[in-house]
Amino acid sequence: MVFDSTAGKRSPTPFLAGLPHGTLAIASVTALLVAGIWAYTLDRGRTERGEASAAEFSKNANLALALDLHTNQLLKGIDQFLLLMKAQHEGAGAVAPISLQRLVVPAFAGSSSITFIGVTNEKGDIVDSLQPFAPTNVADREFFQQHQRGEAVGLLVSEPVLGRVSGRWAITLTRRLDRPDRSFGGIVAISIEPRYLTELFESSTLGPLDVMALVLENGVTLARRRGPSLEFGENISRAQLFVEYARVPVGSYTGPGGVDGRQRMFNYRRMRDYPILATIGTLEDDVMAPVRRRAQRNFLTAGLATAFLMLVSAGAIVMLGRQQRANQRLAEQASLLDKAQDAIIVTDLDRRITYWNRSAERLYGWTSDETIGRIIGDLFAVGTDPADAAVAFETVLRTGEWTGELRPHDRRGQPVIVESRFTLVRDRDGRPQSVLSINTDVTDRRQLEQQFYRAQRLESIGTLAGGIAHDLNNVLTPIMMAIELLKDRVTAPADREVLMMLGASAGRGAEMVKQVLSYARGLEGRRVPIAPADLVAEVAGIARDILPKTIAIQTEVAAQLPSILGDPTQYHQVLLNLCVNARDAMPEGGELTITAAVALIDAAPGGDLPAGTYVRIEVADTGTGIPREIADRIFDPFFTTKEPGKGTGLGLSTSLTIVKSHGGQIRVSSTPGRTCFAVYLPVMAGTGDSRAMGAPAPHVSGDGQTVLVVDDEAAIRMVAQRTLESAGFRVLTASDGAEAVATFGANHRAIAAVLLDMTMPVLAGVPTIQAMARINGSVPIIAVSGISANEPVALAASPQVRMFMPKPFTTETLLKALAHALA
């Protein structure tokens with residue numbers, strides 16, 4: 001019994017349970033073939049028997065006809081002489097009859113089968129005979145009595161009797177003699193041996209047990225030849241011959257012989273002029289022997305064919321079972337392959353796909369049914385370099401394996417990066433059969449690597465920019481401070497105008513260095529109040545420097561904009577990304593407009609921004625616009641419409657991430673000739689006009705306090721010393737950390753503050769601070785550096801470090817810092 005889980009009840013074990021699927025079909029086909037073979041064999045046997053019977057009956061019919069015609073001719077010839085003898089004797093009253101010697105001898109000369117030729121009177125006495133005879137009376141003979149009674153009209157053929165004159169068995173043919181008064185006058189008779197009737201057929205093709213016979217209608221055999229023997233006189237009136245004869249005078253049948261009972265195939269016919277049946281019978285066994293032999297051969301052939309089919313069927317069932325077990329194993333393996341994370345593909349040597357697992361469906365987007373039978377090169381015709389694929393395929397055919405990276409496109413047209421491992425699969429004889437390829441999706445990994453390499457490049461650029469910025473800041477610092485010193489000494493308006501121009505240029509240079517340093521290294525996590533007007537002005541200034549002069553840049557900033565809280569560097573990055581994209585959309589030039597205004601957002605179901613007040617900064621261009629079909633994808637990571645090597649596809653994605661991290665959103669609208677990106681940034685609570693926050697502090701001067709200035713740049717030491725001295729301070733200087741520690745150790749009670757550069761030879765800034773703290777921990781220190789990244793390091797070195805002042809700085813900044821440190 002087998003439990004049927006689908007029906008929830010037990011069901012009987014099927015007859016073919018446990019056998020391979022398809023066994024019933026094979027058995028049915030085999031049974032049909034075997035049945036067909038035997039049906040054909042049996043039908044062929046019946047057909048051959050029918051054909052043999054028909055041929056034999058046709059042959060026997062011809063022989064019976066020949067026997068009929070031959071016997072009829074003999075009897076008619078004898079009857080002619082009987083009529084001649086009858087005419088001679090019936091007319092003998094006037095003329096003496098011609099002697100029998102003269103009358104018949106010429107016709108029957110040399111025939112030994114004629115046993116008697118003679119005449120009898122009305123009493124039955126032989127009165128004339130060709131053969132010598134003694135007085136003989138035949139009145140007791142049946143043929144004589146029939147003539148005497150007048151029953152026989154015409155020729156009478158008698159049954160075979162033993163001749164009284166010749167002493168041999170003979171058939172007597174007689175005619176009645178009439179007197180002139182028509183009374184009985186005797187008979188004329190000619191007696192012949194039975195073989196006389198059949199001797200012509202002694203050399204026929206009849207077999208030794210075949211029968212040729214002439215039979216009277218009363219059933220008495222006149223002559224019956226069976227092979228070389230001759231029989232006569234038997235009465236076969238009860239034989240099947242006379243049953244058939246009663247139905248039709250000419251016919252055929254198969255039945256037992258009338259004498260020996262052997263089964264024969266008979267043809268018979270009644271002679272037209274005489275009451276005699278001519279019959280031919282051939283032994284059925286002899287006729288059917290060739291048919292039986294052929295049938296035996298056919299049966300043997302059919303048996304062998306049946307056995308062969310049974311063996312083939314059994315072999316097919318065994319092979320089917322093996323194949324199904326192999327297929328089951330393959331299916332199990334395929335199910336395991338479907339669970340693999342790698343895309344596994346098998347192609348034949350013509351590169352036609354024969355296997356495509358589930359991971360391949362997930363990776364490339366095509367289902368197995370859609371790919372089986374297709375040329376893999378046609379499937380990946382878009383995006384994949386045909387040369388790379390051809391080299392990979394040729395290599396695996398030549399060496400047996402290939403490993404490398406391919407970049408096909410999936411069904412949606414998106415590029416996919418895969419690490420492919422091709423292996424040549426061989427059959428049992430070692431001939432190449434197919435190619436197995438295992439493809440690992442490394443798209444995300446490669447993108448992360450690109451991000452990592454990009455970050456590394458940015459870090460390297462940051463390091464380089466930090467060094468350059470440090471040097472530039474060291475150059476700009478004395479220039480900017482010297483300009484402040486010269487302002488007090490130069491009184492001519494033209495000269496003061498030149499100094500103003502120099503100061504503006506130095507300040508612009510310092511701002512440019514600051515921006516480069518900020519973008520190269522970033523100011524992570526630093527969120528400060530930002531004036532939108534200043535942000536727009538700074539971005540517009542940078543854009544004018546980096547964008548082509550064919551692009552006109554305009555700004556429109558509303559009055560009294562509230563402040564926004566955020567990372568200045570990141571905001572710069574967002575807006576500059578939008579400016580760069582606008583530049584790419586205007587290769588022939590155009591207009592770039594940056595505007596800032598307040599935006600009030602109402603609550604809306606499903607909206608992308610919560611209700612509130614925002615500063616909306618728009619970056620609009622007069623470029624080609626964004627095609628509608630890609631508008632939904634422009635913020636996708638790594639999506640780009642630029643040529644390879646000219647864009648990473650991360651600009652807009654990164655910008656959106658930055659803005660959302662600040663609680664804002666980016667909206668875009670585009671038509672041919674105008675594209676606008678609107679950046680919404682939430683305002684700081686409780687802020688008014690952002691421009692009022694930066695009011696200048698009052699002028700600061702010293703009162704004879706001693707300040708130690710430590711810097712490895714002589715120009716900075718000199719300008720700082722003169723600036724501080726002119727402001728009422730005493731100044732000590734040191735060119736490196738070691739000198740600074742020595743000077744501080746000797747004068748720490750008199751020193752009111754220390755201005756210390758963080759990047760110096762011999763002894764760097766942090767060890768110098770720590771050494772001074774050990775000497776006197778109450779002296780305030782102002783850390784100075786051309787690298788902004790040194791700020792947290794300096795502040796963490798000691799509580800004495802009251803503040804950090806980045807280079808380049810102005811006189812005003814320096815004096816404010818000292819005032820703060822000394823307060």
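The values are calculated or read from the model by the stated rules, or taken from the named source; none is laboratory data. Every value quoted in this text rests on a predicted model; they were computed, and no experiment measured them. Positions of Cβ are generated from backbone atoms using ideal geometry, with glycine treated the same way; all protein chains shown enter the neighbour counts. These area figures cover heavy atoms from the full protein model, side chains too; ligands, DNA and RNA do not enter into them. Shrake-Rupley method; radii C 1.70, N 1.55, O 1.52, S 1.80 Å.
Some points to look at:
- Accessible surface, 1.4 Å probe, highest first, among residues V539, V287: V287, V539
- Neighbour cut-off at most 15 other Cβ (10 Å), DSSP loop, GluC sites (Glu not before Pro), region 140-212: E151, E202
- Extension gain, E419 to V528, is 34.6 nm, computed as 0.36 nm per intervening residue step minus the present C-alpha separation.
- Percent carbon-and-sulfur accessible area, region 244-340, ignoring ligands, DNA and RNA, probe 1.4 Å: 60 percent
- L592, L69, L162, reordered so the largest accessible area comes first (probe 1.4 Å): L69, L162, L592
- Largest to smallest in accessible area, the residues L609, L600 fall in the order L600, L609 (1.4 Å probe, all protein chains included).
- Listed by chain and number, the aspartates and glutamates whose C-alpha is less than 15 Å from the C-alpha of K76, apart from same-chain residues fewer than 8 away, are D68, D273.
- Candidate cross-link partners of K123 among the aspartates and glutamates, defined by an alpha-carbon separation under 19 Å and a same-chain spacing of 8 or more, comprise E90, D140, E142, E151, D178, D181.
- Charge dipole magnitude, Cβ of K and R +1, D and E -1 - region 252-354, Cα centre, debye nearest 20: 380 debye
- Extreme residue, positive dipole direction of region 36-87, given options I37, A54, I78 (C-beta unit charges): I78
- Note on R195 and N776: the model spin-label points, each 7 Å out from Cα along the C-beta direction, lie 17.7 nm apart.
- Computed label-point distance, nm, for sites L565 and T613 using a 7 Å Cα→Cβ extension: 1.5 nm
- Inter-part distance where region 336-380 and region 780-823 are each reduced to a Cα centre, Å: 65 Å
- Summed over the residues of region 773-823 and divided among them, the accessible surface reaches 42 Å² per residue at a probe radius of 1.4 Å.
- Ordering of 790-799, 703-712 by packing is 703-712, 790-799, highest average first (other Cβ atoms within 10 Å, averaged per residue).
- On full extension, the segment bounded by L600 and E370 gains 77.5 nm, given 0.36 nm per residue less the C-alpha separation.
- Residue-span extension gain [V318 to L763] - 0.36 nm each, minus C-alpha spacing: 151.2 nm
- Accessible-area composition of region 728-823, carbon plus sulfur, in percent [1.4 Å probe]: 56 percent
- Per residue, the average separation of C-alpha pairs within less than 8 Å and at least 6 apart gives region 122-214 a relative contact order of 21 percent.
- Cα-Cα over 27 Å, subset of K487/K807; K339/K660; K549/K807: K339/K660; K549/K807
- Per-residue SASA entry for W169, accessible area with 1.4 Å probe, Å² rounded to 10: 120 Å²
- Estimated FRET transfer efficiency (Y453, S726; beta-carbon r; R0 60 Å; 0.05): 0.70
- Of the trypsin sites (Lys or Arg not before Pro) found in region 720-823, those that fall in a DSSP loop while having at most 14 other beta-carbon atoms within 10 Å are R749.
- Cα gyration tensor shape for region 740-823, rounded if a/c is under 1.5, else prolate or oblate: oblate
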